[in-house]
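Working notes, structure below.
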Amino acid sequence: MRLQQASASSIGSKILVALTGLALFVFLIGHLAGNLLFLAGPEAFNQYAHALIGNPLVYVAEVGLLSVFLLHVAKTVAGVLANRSARPTAYATRRWAKAKNPRSRKSLASTTMIVTGVFTALFVATHLATFKFGTVYEAAGIRDLYRLQLEIFSAPGYVVFYLVAMGVILFHLWHGLSSAAQSLGVDHPQWTPRLLVLGRVLSVAIAGGFFLIPIYTFLLSRGVL
Amino acid sequence: MAMTVTLKVWRQAGPAAPGRLETYTATNVHPDMSFLEMLDVVNEDLIRAGQDPIAFDSDCREGICGSCGLVINGIPHGPDAGATTCQVHMRRFRNGDTITIEPFRARAFPVLKDLVVDRGAFDRIIAAGGYVSMNVGGAPDANAVPIPKDVADRAMDNAQCIGCGACVAVCKNAAAHLFTSAKIAHLGLLPQGEAERGRRVVQMVEQMDAEGFGSCSNEGECEAVCPKQISIASIARMNRDYLKAALGK
Amino acid sequence: MTLDSRVPGGPIAEKWDRRKFENKLVNPANRRKYEIIVVGTGLAGASAAASLGELGYKVKLFGIHDSPRRAHSIAAQGGINAAKNYRNDGDSIYRLFYDTVKGGDYRAREANVYRLAQVSVDIIDQCVAQGVPFAREYGGLLDNRSFGGAQVSRTFYARGQTGQQLLLGAYQSLMRQVDAGTVDLYPRREMLDLVVVGGQARGIVCRHLVTGELESHAGQAVLLCSGGYGTVFYLSTNAVNSNVTAAWRAHKRGAFFANPCFTQIHPTCIPVSGDHQSKLTLMSESLRNDGRVWVPKAPGDKRPPAQIPDADRDYYLERRYPSFGNLVPRDVASRAAKAVCDEGRGVGETGLSVYLDFADAIRRLGADTITARYGNLFDMYKRITDEDPYQVPMRIYPAVHYTMGGLWVDYTLLSTIPGLFVLGEANFSDHGANRLGASALMQGLADGYFVAPYTVANYLGGTATPPVSPEHDAFKEARAASQARIDQVLAVKGSRTIRQFHRAIGAICWDYVGMSRNEEGLQKAVTEIRRLREAFWQDVSVPGDRNNLNPALDYAGRVADYLEFAELLALDALERRESCGGHFREEFQTPDGEALRRDDQFSYVAAWEFQGVGARPALHKEPLVFEEVHPSQRSYK
């Protein structure tokens, strides 16, 4: 079987969605780790950002990241459209089977993946516009992202928006992480139930980390801290 | 203590005809009746009134042939876990209830009439590779290859699939992954099925896609309605087998 | 016409080898020129179609279901016998043969039964190689259990779903042939007529159950694998669509019907709960391994079972049959249950059930062991009855389960019409007057995998079959006749539903041709059946039209055939003035109420030739000769 043929099949597509999703999750971990340097003060934060932006390899990484992101979006959107056409006539009455049997993993999170996904994509666009392509301040000869962040999160509206966005990402990962494992064929009688829990713990952890940043920055800008 | 229930039943004259929900009243419903026996009684009344009875598939009426399959109040095979439609009894409902009855819905399962759908797609998926290629006469002694009990048991867990299609009916994507993976797991677990493991998964998945089923969102609603409670662990296994085959291993 | 069983000569153990050697063969290159029509997709039909397809014949397979996998073989629970002697407990081909002939109360053809026992070992090999997940032991080898009172453990099983797994194995082999292009599948088709051209079975007329279209299919041979006629009793453990139509229409075209009165009533079914009941559910016979059957000693004792002390209970099977106890054969257990209920000692609301009590077994083995052995059956019982068998005894009652009678076939499974083979439950040959547990699956697969492939080749290789087109006059005539019958039943537009007639014919059969029969009742049955048949054609109401998916119309055709067939059933029971196996004539019993066979007069197969509806069929007798197993009174005491 050709790889190309395999990647177009329903299972191949889901494997790609899983792989790209996990890659984006790994990116999120790195992104959070970097962002947490904000807590260490302007110098450390800006130095870290500069080291990142200043490296010519960053363009390769950005193209890679963008491709992964676009592939994830393309495969999921195409999947949703194909899945819609797999049931042309809707049911008049619909209830979750979970109601009769708790073995189902269906949740509000799992049923809204496309919604949370689309929201996340829109958020990423705004996020990039706000930060990556936002006002360029300089400090000590390098870009002062610390100041930009302080400025942006001094506005309560932005803070709320980011908190909501992080909540949405949490929701997406709540089902997404364990779902990716299932798509990749990870299964074990004892470990699968734990993996389900781990997926939720990780999604809370990562979102929790990201929650911290706008709140911390807001409080800092208001002189509370 | 006879009950009366109101039924909203999907009526559709033929594959191309439009359909709609029609309302019927079922009186003299006994709690010990099975759901299908209740429909039998409704049909008797319809025939006496000169109307067309409600068409539905059913045969063994003991939960093993896989013929019956109705979506009852929004859930395939109704309210009981691990049961088929024919195993649901009217004692699960209350006097005065309104019950909506619809056919299994999927592009790959076109409605033939009322509540009867065509599940031929499942046969074609099996024909694509759901077997061990061996001819009569060529078998070694049955005990020539020992199979650990737990492996045989897991194969049996999957082999129990009755091919009813409830997994497709409940799936928001109308996916047939649980059905397909159950056969792949059944045969793939056994030494007899090992030789064709890669070829089997590739061909069956290709056929499954060609039939117009959706893809898997890993929600496990299929497992929850499966009369035999086949686990979506089998889907993970199928994905793994598929990945191996795609990578040429 | 004399019936030639075509049993080869020589010692019994060599007959089948000899037959195979003497068989004509068909050159592999020529096989695809032969079209073989197979009707029915159960164990016999699916296995025959798969193996003939593997050999290279062009096979057309017809079934009434939407998929071949749904045929009623799927519902068999208990297991399949094979003389593997894996348990070293003294089993052998000869012992399986002996047990089956004896269990059938000496009314089966010895040579057929011996062959069945011979190929039983190959069936298990075949099924395991297909991937049938039989139960295994920790060492990885196949598990066996003792079943239906057998003294050896020779039953292979797959939980309580052996029939399902065997059928799916055959179905998978079949679908492999569909994929290979050797088998064409015709689902949702009902055979309405057999087409005979020049004295040979050359095709069928069938109705497409979705479009209503009548189709003609021609071939060089027709294999009828359409199952039994248990649903003539209305309530039975059979599927609601099981029917006699295909076999009956073949009978009307000249195939003799043999021993129709040999019907099996299974002792362990869930009792009837009300008029609405559409079918009865079997509880596997294996339950009798640990459950104890009893009723109160006093008639009319309505105390709840827990309040009836041991001294007031009658464990009647253990009392009457001390050596076999609760494991006596099916016919004996069923009659005993009827007897105690007739005495007014039956339990439950209707008084038509007996207790099957696990309290002792749970005390002895623990609830966990009982769950491991019977958990799914206990769950099924609870789901249906709303009673918990761990707490209160199960209630069981006999129900029609299997029909040993069927179309007459010779040793090669050929009926009295050349080219028409009959396999599985649809034929009469291997079980005599009573079938032992775990033997039906064995027979269906034996016929399909290991007998028909040889004997069909012999027929085709040795018979000239000139080309016949589906537009031949014989096909046109058959199509017109089928159409006329459909139009006729639709035109009645009476006031009674088909189900009412089915219930009525079922009640007549159950009351007079059921577990216990007598001359007067059978005479009455014949009269009532005729009256009911007339009423049907004047007063039945069949809704809908003919060019559509119309399950009511399909049902009407089947019930109409039952109204003809039932008369033959009663007549055969009337003519067999002896008791044997499942056929119990009250006039012929031992002083202690056991079946009394009359070998001097009735050691024959009764093969009936159709003479017209309502006309007395002609009786042909195939004498049964027992060279190996000498008939004796069965004793399970």
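Report yes if A:GLU138 is surrounded by 15 or more Cβ atoms within 10 Å (Cβ to Cβ), more than 20 Å from the chain's Cα centre (by Cα) and farther than 15 Å from A:LEU24 by Cβ, otherwise no. I'd like the intermediate steps shown before the answer.
Working: surrounded by 15 or more Cβ atoms within 10 Å (Cβ to Cβ): no; more than 20 Å from the chain's Cα centre (by Cα): yes; farther than 15 Å from A:LEU24 by Cβ: yes.
No, not satisfied.
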* Show the residue pairs that are 6+ apart or on different chains and have beta-carbon atoms under 6 Å apart, the first residue being within the range C:64-77 and in a helix (DSSP H, G or I), the second being open to solvent by 10 Å² or more (accessible area, probe 1.4 Å) and aromatic (Phe, Trp, Tyr). => none
* Select, from C:ASP66, C:ASP105, the only residue that is away from chain B (no Cβ under 11 Å) and buried (at least 24 other Cβ atoms within 10 Å of the Cβ). => C:ASP105
* Asked: Across the range C:496-530, what is the total count of residues that are open to solvent by 50 Å² or more (accessible area, probe 1.4 Å) and within 14 Å of another protein chain (Cβ to nearest Cβ)?
  -> 3
* **Inter-residue pairs, beta-carbon under 9 Å, first closer than 11 Å to C:PHE501 by Cβ and in the range C:530-548, second assigned to a strand (DSSP E or B), 6+ apart** => C:ALA535/C:ARG496; C:PHE536/C:ARG496; C:ASP539/C:ARG496; C:VAL540/C:ARG496; C:VAL540/C:THR497; C:SER541/C:ARG496; C:SER541/C:THR497; C:VAL542/C:THR497
* Structure fact -> Cβ pairs under 6 Å, 6+ apart or interchain, first in the range A:5-24 and facing another protein chain (nearest Cβ under 8 Å), second in a helix (DSSP H, G or I) and among the basic types (Lys, Arg), ordered by first then second residue, are A:SER13/A:LYS75
* Among the residues of the range C:12-41, how many are within 11 Å of C:VAL456 (Cα to Cα) and part of a loop (DSSP other than H, G, I, E, B)? -> 5
* Asked: Quick check, is C:ALA150 free of Cβ contacts under 8 Å to residues at least 40 places away in the same chain, more than 30 Å from B:ALA182 (Cβ to Cβ), touching a strand residue (DSSP E or B) at 6+ places or on another chain (Cβ under 9 Å) and of a type in the set (A, V, I, L, M, F, W, C)?
  -> no
* Structure fact -> Those helices (runs of 4 or more DSSP H) completely within the range C:329-389 that have 2 or more residues that are in contact with a Leu (Cβ under 9 Å, 6 or more places away or on another chain), open to solvent by less than 20 Å² (accessible area, probe 1.4 Å) and small (Gly, Ala, Ser) are C:330-342
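Each row is one residue, and each column tells you yes or no for (1) surrounded by fewer than 24 Cβ atoms within 10 Å (Cβ to Cβ); (2) among the charged types (D, E, K, R); (3) in contact with a strand residue (DSSP E or B) (Cβ under 8 Å, 6 or more places away or on another chain).
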residue: C:GLY212; (1), (2), (3): yes, no, no
residue: C:GLN220; (1), (2), (3): no, no, yes
residue: C:CYS225; (1), (2), (3): no, no, yes
residue: C:PHE233; (1), (2), (3): no, no, yes
residue: C:ASN238; (1), (2), (3): no, no, yes
residue: C:ASN243; (1), (2), (3): no, no, no
residue: C:GLY254; (1), (2), (3): yes, no, yes
* Name the residue, out of C:GLY140, C:GLY149, that is surrounded by fewer than 24 Cβ atoms within 10 Å (Cβ to Cβ), within 9 Å of chain B (Cβ to nearest Cβ), assigned to a loop (DSSP other than H, G, I, E, B) and not aromatic (Phe, Trp, Tyr). => C:GLY140
* Asked: Across the range B:219-228, what is the number of residues that are within 21 Å of B:GLY188 (Cα to Cα) and facing chain A (nearest Cβ under 7 Å)?
  -> 1
* Asked: Which of the residues spanning the range C:581-637 are under 25 Å from the mean Cα position of the chain (by Cα), of a type in the set (A, V, I, L, M) and open to solvent by less than 50 Å² (accessible area, probe 1.4 Å)?
  -> C:ALA595, C:VAL605, C:ALA606, C:ALA607, C:ALA618, C:LEU624, C:VAL629
* Taking interchain pairs and intrachain pairs at least six residues apart, which have beta carbon atoms under 7 angstrom, with the first residue in the range C:164-192 and of a type in the set (Phe, Trp, Tyr) and the second not in a loop (DSSP other than H, G, I, E, B)? -> C:TYR171/C:ALA46; C:TYR171/C:PRO68; C:TYR171/C:ARG69; C:TYR186/C:LYS60; C:TYR186/C:LEU61; C:TYR186/C:PHE62
* Structure fact -> Subset of the range C:128-137, residues closer than 19 Å to B:ARG200 by Cα and facing chain B (nearest Cβ under 7 Å), comes to C:VAL128, C:ALA129, C:GLN130, C:GLY131, C:PRO133
* Where in the range B:117-207 are there helices (runs of 4 or more DSSP H), lying fully within it, with 1 or more residues that are facing another protein chain (nearest Cβ under 7 Å) and within 15 Å of C:SER173 (Cα to Cα)? -> B:120-127, B:149-159, B:177-189, B:191-194
* **Filter result for B:THR6 (of a type in the set (S, T, N, Q), more than 7 Å from every other protein chain (Cβ to nearest Cβ) and either touching a residue at least 60 places away in the same chain (Cβ under 8 Å) or open to solvent by 40 Å² or more (accessible area, probe 1.4 Å) (or both))** => yes
* To do: Kindly list the number of the only condition in (1) more than 14 Å from chain A (Cβ to nearest Cβ); (2) part of a loop (DSSP other than H, G, I, E, B) that fails for B:ARG91.
  => (2)
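Hey, among the residues in the range A:66-81 that are touching a residue at least 60 places away in the same chain (Cβ under 8 Å) and of a type outside the set (Lys, Arg), which one's surrounded by the fewest Cβ atoms within 10 Å (Cβ to Cβ)? Quick ask: steps written out before the conclusion?
Going through the range A:66-81, the residues touching a residue at least 60 places away in the same chain (Cβ under 8 Å) turn out to be A:75, A:78-79.
Now restrict to residues that are of a type outside the set (Lys, Arg): A:78-79.
Values: A:ALA78: 14, A:GLY79: 22.
Here the residue is A:ALA78.
Residue-wise test of (1) touching a residue at least 40 places away in the same chain (Cβ under 8 Å); (2) open to solvent by 10 Å² or more (accessible area, probe 1.4 Å); (3) among the charged types (D, E, K, R).
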| position | (1), (2), (3) |
| --- | --- |
| B:ALA121 | yes, no, no |
| B:VAL136 | no, yes, no |
| B:ASN143 | no, yes, no |
| B:PRO146 | no, yes, no |
| B:VAL151 | no, yes, no |
| B:ARG154 | no, yes, yes |
* Collect the residues in the range C:152-161 that are within 21 Å of the chain's Cα centre (by Cα), open to solvent by 20 Å² or more (accessible area, probe 1.4 Å) and either at the interface with chain B (Cβ under 7 Å from one of its Cβ atoms) or small (Gly, Ala, Ser) (or both), keeping them in residue-number order. => C:GLY160
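The values are calculated or read from the model by the stated rules, or taken from the named source; none is laboratory data. None of the values given here were measured: they were computed from a predicted structure. Glycine gets a Cβ as well: all are built from the backbone with ideal geometry, and neighbour counts include every protein chain shown. Note: accessible area is taken over every heavy atom of the protein model, side chains too, but ligands, DNA and RNA are not part of it. Shrake-Rupley method; radii C 1.70, N 1.55, O 1.52, S 1.80 Å.
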